[in-house]
1. Could you look through region 840-882, keep only residues that are assigned to a helix (DSSP H, G or I) and among the small types (Gly, Ala, Ser), and pick out the one that is farthest from ALA570 (Cα to Cα)?
2. Any chance region 439-459 includes a residue that's closer than 21 Å to ARG654 by Cβ, of a type outside the set (D, E, K, R) and at pLDDT 80 or above?
3. Being without any contact (Cβ under 8 Å) to a residue 24 or more places away in the chain and over 29 Å from the mean Cα position of the chain (by Cα) is the requirement here; does ARG298 meet it?
4. What number goes with the only condition from (1) under 25 Å from ASP738 (Cα atoms); (2) polar (S, T, N, Q); (3) out of contact with any Ser or Thr (no Cβ under 6 Å at 6 or more places or on another chain) that SER962 does not pass?
5. Kindly provide the set of residues from region 405-427 that are within 14 Å of ASP701 (Cα to Cα) and in a helix (DSSP H, G or I), ordered by number.
6. Restricting the search to region 553-610, which residues are touching a helix residue (DSSP H, G or I) at 6+ places or on another chain (Cβ under 6 Å) and among the aromatic types (Phe, Trp, Tyr)?
7. Given the conditions (1) modelled with pLDDT under 90; (2) surrounded by 24 or more Cβ atoms within 10 Å (Cβ to Cβ), and given that GLY284 satisfies all but one, which numbered condition is not satisfied?
8. Scan region 730-757 residue by residue and report those that are farther than 18 Å from LEU1088 by Cα, crowded, with 24+ Cβ neighbours inside 10 Å and not basic (Lys, Arg).
Amino acid sequence: MTATLGSVLRRALRDRPGDLLAAWRPDPYPEPSDEAVPHVMAALAALIAGEPRRAAAILEAADPGTRASPEGAALRHAATLLDLNWWPGDTGAQLTTVMPELQEPAAPKTGDIRADLLLTIIRKVQPELLSLRSIIRSMMRIRPEQGPEIVQHLTGFLQGVLRVAVEHDVVVAATLAAELADLHRLAGSRSEAERSLARAQEIFVELDDLAGMARCRLLEAEWLTAPVTFTETLAFDLADLDTERTVPTAESAAEARRLYGEARQLFRRAHADRGIAATYLGEGCLALLSGRAERAERLTRLAGQFSRRAGDTAAVHLAGVHAAMAAISAGRLSAAAAAVAEPIAHWARGPGSASFGSGLARLVHACGHAWWRADDTERARCALTLAVDLSTRLSNAFALRMVLSDVGELHGGMNSNGPAIASYQTALAERIHRAAGSSADEAMEPLAWLEVSYLAAALFNVHLRDRDPDGLARALDVARLLIDRAPAGLTVRATDEDLLQRLGPRQRSLTMLGEHRFVPIPGATQDPGFEPEAVALTLDTLADVLTMGDVLVPLFRARQHQLDGEACEADRLMAVALERARAQGHAGRSLLVLVLQAVERYDEARAVVRELLADTPDADPALQLNLWTQARSYEDAAPVVASLRTTRPTAGWRDLTDWGRVLAAVDDIDDATKVLGRAREAFEERVARFTRDAFRVSITDDAQARELYTLSADVARRAGRTEDAFMLTDRLRSLALDALLEDLSARTRQAPERSAALRRWSRAGAAWTGAYDLLAAAGHEGTPDRVGPARRRLDRAQSALESAEGDLERLVPGHLVRHRRPRAPLRLEDVQLLLPEDTVLVEYLVGWDRILIWAVTRHHAVVRELRAEAPEISGAVRRFHSACARLRPTAGTEDADRLSELLLEPVSAVLGDHERIVVVPSGPLHLVPFHVLPFGPDTLGGRHVISTLPAASVLRHVTGHSRPDLARGALVVGDPSYDPARSLRHLPGTRVEATRVAARYGSSALLDDDPTEERVSRAAVGAGVIHLATHGRVSAKAPTLSSVALAGADELTVAHLMGLEIDADLVVLSACDTGRGDTTLGGDLVGLVRGLLAAGARNAVVSLWPVDDMSTCVFMDRFTARIAAHDSVAEALAVAQRDLRAMDGAARRAAFADLSMTTGTPAACGRQRTARDVSPNPAPENVDDDHPYWWAPFVHVGI
């Protein structure tokens, strides 16, 4: 039997183990059989094919005598080993000493030395090799200078087996010599490795063993490709993902390619398909390391084909992962991952290896981690998402939590935590569900409890970054559950150490403990105290999370109420947070400082900081700086900054911004200028790495980024650099928008086919953004059941986007991969040249504690700084906007007067001298109807013509088109026939409006079933004016999915708009809320207006609140009459607003009746044109006829 086994082993290693399996039994799992030899042979073939679980099943079906035989025992041990302790690179997933399942059987004594040698290799040598590779790599990370000594000490047993093999089986001896050579290479003993490999080569040459000679050349090539790791792991150290990969030199790469070619030819002559596959896999790794992703993908797919021919299923899946990573590297993101996760999970849970499947997930994680560290966000996101999917399918809790940690960091760096939250919540829901089988009062099993606790703490941290009180509250509920279900016998350990100072070290200690439990530790077994120590530390950490959350939830809710203008509730919650922080005593002092800052009690905050730092003089300098800054004690913070500038020269843009704030506060303008300049350079370099609009918007939607540019503009102003100050005021809001408009300019310069490809790409990108935002919303709302559908929608959008990107790359090569530095800002003098003589541009920049206001005319520029807190401004804006939209009093109110005082009075002299005003709002000011604000004896719009722009840089795209070209025709839509399932109210006023507007433009309106998405898209091409009178829908969760309703179930979303070939001088969205959107902290406004600009519209008229059907119809008739008379858009809007304002309710109703008769479309007026759930406004007869609700909802975007 043993001789037959040896023959099978040699043939299978060189040829096709799959053939042996198929010959024995074609079924997935075997039936019982009395033939012992076939069972043993088939089990060996299954092992060699990478299917240890199949091998175990085959042996389980054998008779008891076969299972108990030396051969059966050795094979069962090997099957268990390869199922539980096998990673790519033929390393061990963990040390065998921590795995009781792997206790080896007794040494075989058959009386046949060759038989005993063969069984020893199966029983002992293979486990030894797996563990030794892991141990040597770990030791080399710690004590690389002792590598040769370590390998000599660890390989004594293998050396002994080699001496026996030299005398009794030279092929085995040569194979062992090659394996020892590889161990010496890992230990840095290159000369010893080469001697051992030469010894193996001599034997193979003497025997004319082509496959053995090929194996030696393959090893040489792999050593050149991955000198200290493995080509199977793409040169990553899977046990330490932060270890940098070694990239071969050009000379080494050329030599490696030669050796791969020679090895492949020898393997072909030997008919060794597995060897051929290994050469393609190694050369694919080399290509990927050399930046040739397309070639790498081709080579690794060939590796998969030859592995499949050989029947080596483990190698098939390994090659599939390599090909997927190469495809991601080449930019094909969704297509790369689509066919990977499910087959691997099915194989690993079925005939394959659970540990090897987890090793493949770890390899994907390694790639994602590397891309994340390189700021290659889109590739990192795709790889990490795949790693999460794989780890989840394989039920590997430890792997999942490690990947999720990187997912959280990735999305945190993009300032887009929603998708990370969704991943954490999905994992938490699954883990908690598994543990729910026991009594609610029963303690959980320690390791399961630790995994759930880790996920809960990580989720808390992500919500903390977002300052999301509802998310924090949900995380706290889980923390309370876990404290109640903690393993028996443990209680929280009391301490007076400050909470924020102790929480970081505790979390770092937990991370190290987790690594020591699951990652090989050189020369040591598992620490028997791991579980009690980790559980106790985790319990203390959860208690800290509860303490912190009990203060932060009311604090963050108070902030939300402040921003929403609900001062009384904000004050109540602030008092709750303050009381809870004080109740923590010494342990809660850093929390107390945070709350005292929020209630602006800075003297108390400074006293607490002094006491805290006196007790902890060795506190981390970054924490000291944070505390002094929160207390607004910048003189105390300045020495800390001076120290940090010396000790942390490579600080990131966030830290640099904090330093710049302190330097500016102590009037060190020169150093503040330098530090803030470094911060902006680093930030804009990061923005340049993002090719997708969603990520550019996300990273600029950041409070610290807003602070960076507000400080920079103010410092430049104080230094007398007016030109720089203006450019910096406009810069942040322009970064993402300019890139979008640059794509528009690129479309107009291209041939028709290329332009169409660019439009399809823009549309697909906007649809992808909407899907991404929905996934983020599912995470923020804490609805795990919505995460799956959102992910599937994102996958579909990803596929559509990549299809569009494929067409674009074919037609416009290089467009997608160029590293796009943000466009140079529009200079102040350039803005002045673009302004008409009678026009003043008023641009605002709202920071956290100040506002910069610019008034720029063709010949002059003035800037004013006002100290005002952002929550105060935001609250006043929201209350004033709500009063306008809800028919509440506006004139003479405190909010109207305060906003006029803040926004208009500082530049009132300039405003009074100019009829035309172009407003560039910032942050919450996008909601302000500036034409309604009191100014002098009237409103600002009563004496001035008002327009708005999202950024001053947009001037270069819209200037010169203030009067629409009516000769190019008009597209007019009204009163679509909505699908009843949409529950949209009929709007009879839109039929009257559309019919009248079309008549004024000399065209026909699309009504009823005619305005489908296809027909509207086709008719929009070339139209000089586009006018849509219908329902509007604003999506707060996904602004790019905001839309106007068309016939049936059709709609025109932002994504649709960005895919249209619009060349319109004017687009009117006569619907509700069409001028609203998501206002980012960077100042950008994401919604329909942005979509219109990106599609090519040069002027837009949109609404700031739900509009009345009848009043809008009358208003649009007045407005269109002025456009038809060749007024500018801004003038026409102002005249129509004044006309409607002069009417009372009876006059508006009479005007609507006249329009109905004139157009031949008698209709009763409808209600609001909104798809949102809004409570009905008061009856018209109960409100002021002069109220802005009737005459002021529409604004002009343009010049």
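The values are calculated or read from the model by the stated rules, or taken from the named source; none is laboratory data. Because the structure is a prediction, the values reported are computed rather than measured. Cβ coordinates were reconstructed from backbone atoms using ideal geometry, including for glycine residues, and neighbour counts include every protein chain displayed.
1. The selected residue is SER882.
2. For region 439-459, residues closer than 21 Å to ARG654 by Cβ, of a type outside the set (D, E, K, R) and at pLDDT 80 or above: present.
3. no
4. The number of the failed condition is (3).
5. Within region 405-427, HIS411, GLY412, GLY413, GLY418 qualify.
6. PHE556
7. (1)
8. Within region 730-757, ASP730, LEU732, LEU735 qualify.
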